[in-house]
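Beneath this line is the structure, given in structure tokens, with notes to follow.
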Amino acid sequence: MDNEQNRALNLALFGPPGSGKGTQASMLIEAFGFTHLAPGDLLREEIKTKTELGLKAEAVIAAGRLVSDDIIHGMLGRHIAAVLERGGRILLDGFPRTLGQFDFLEQFLAGRGSRMHGVFFLDLPTEELIGRLTGRRLCGQCGAVYHVQTLAPKVAGVCDVCGGALVQRKDDNRESIQGRLAAYEQQTFPVLKAFEAQGKLFRIKADQPREEVYAAIEDKVRALLEETAVGRRA
Ligand code: ADP
Ligand code: AMP
């Protein structure tokens, strides 16, 4: 039986650091039941638990550079395969970030009879990114995302959702941010062009309130779900 709940959908949130990918991801997960795959989150977990991979990646991340494609492919490949096997929906966040990762993803999905259905580019002027990143705070317990000015918690330093302590990411300092923005310009921007050439890119104006950004994405997700249903019936 075809219904909206069991239709596969593979999407990605794309954009420079601080453009709002994690914020939108948490809203989309709740509404559409995606499995959220964010290499940044996975790598921070490896660092926290002091795995071999985490120890290797720590200095690279602190410098704002990209971790090698080999590491990212191994990590993401495992997770993507697991979601496809159980027929789940994928929401990529921060991947692919190089043309090598783009090619890997295309081949990996095609080899499993799947594909990307849409990519949302959160378009935000560069001058707004720095303020978003330096003011970002995260709950160390549940990962909820705040901002000291535009989304402050009710009690300073305390998560509204779970009461956990809020922390600042180590790479949300001006020096790392410069490195991350340079990596985006040089290595990640060409990926946007590749998705655009496939006709899969949806440009979303990201310098508007979170709810309005979400509404623009949500409309398109519903349209894509409808298209995948038509594809199935055809
Ligand atoms: P990314 O995952 O792309 O790095 P985040 O979702 O973590 O970005 O957002 C970066 C910062 O900007 C966070 O502090 C978040 O609260 C804030 N933010 C996200 N979306 C908006 C928005 N639409 N308007 C203002 N601030 C936002
Ligand atoms: P993010 O949480 O997306 O801001 O990512 C934090 C950091 O993790 C980045 O600055 C990179 O060092 C690393 N990282 C995250 N995703 C990738 C990726 N797809 N390829 C390489 N490095 C990544």
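Ignoring any ligand, DNA or RNA, what whole percent of the accessible area of the stretch 27-143 comes from carbon and sulfur when the probe is 1.4 angstrom?
Ligands and nucleic acids excluded, carbon and sulfur reach 51 percent.
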Gain upon complete extension [residue 170, residue 219; 0.36 nm per residue less C-alpha separation]: 14.2 nm
Taking a cut-off of 20 Å between Cα atoms, list the aspartates and glutamates near residue 170, but don't count ones fewer than 8 places away on the same chain. 41, 45, 46, 52, 58, 93, 128
When only the heavy atoms of the protein chains count and the probe is 1.4 Å, how do 205, 200 rank by accessible area, highest first? 205, 200
I want to check the label-to-label distance for residue 103 and residue 26. Put each point 7 Å from Cα in the C-beta direction and report it in nm to one decimal. 3.7
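How many percent of DSSP beta bridges within the chain run antiparallel, rounded to 5?
Antiparallel bridges: around 30 percent, rounded to the nearest 5.
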Which of the lysines could a cross-linker span from residue 220 if the Cα-Cα distance has to be under 27 Å and same-chain partners fewer than 8 positions apart are dropped? 21, 193, 200, 205
Proportion of all alpha-carbon pairs of the chain beyond 27 Å (%): 34
Do the sum for the chain: with -39,500 (n - 2.57) for every DSSP H run of n ≥ 4, divided by all residues, what is the mean residue ellipticity at 222 nm, to the nearest 500 deg cm²/dmol? -15500 deg cm²/dmol
Could you tell me which of 72, 228, 117 has its Cα farthest along the dipole of the chain towards the positive end, charges placed at Cβ (Lys, Arg +1; Asp, Glu -1), taken about the Cα centre? 72
Once both label points are put 7 Å beyond Cα along the C-beta direction, the residue 8-residue 189 separation in nm becomes 3.5
What residues have an amide H closer than 5 Å to that of residue 12, excluding those fewer than 5 places away on the same chain, when H is modeled at 1.01 Å from N in the peptide plane? 92, 118, 119, 120
Could you rank 75, 27 by how accessible they are, 1.4 Å probe, largest area first? 27, 75
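The values are calculated or read from the model by the stated rules, or taken from the named source; none is laboratory data. Note that this is a predicted model, so its numbers are computed, not measured. Glycine gets a Cβ as well: all are built from the backbone with ideal geometry, and neighbour counts include every protein chain shown. Quick note on the areas: whole protein, heavy atoms, side chains included, nothing else; ligands and nucleic acids left out. Shrake-Rupley method; radii C 1.70, N 1.55, O 1.52, S 1.80 Å.
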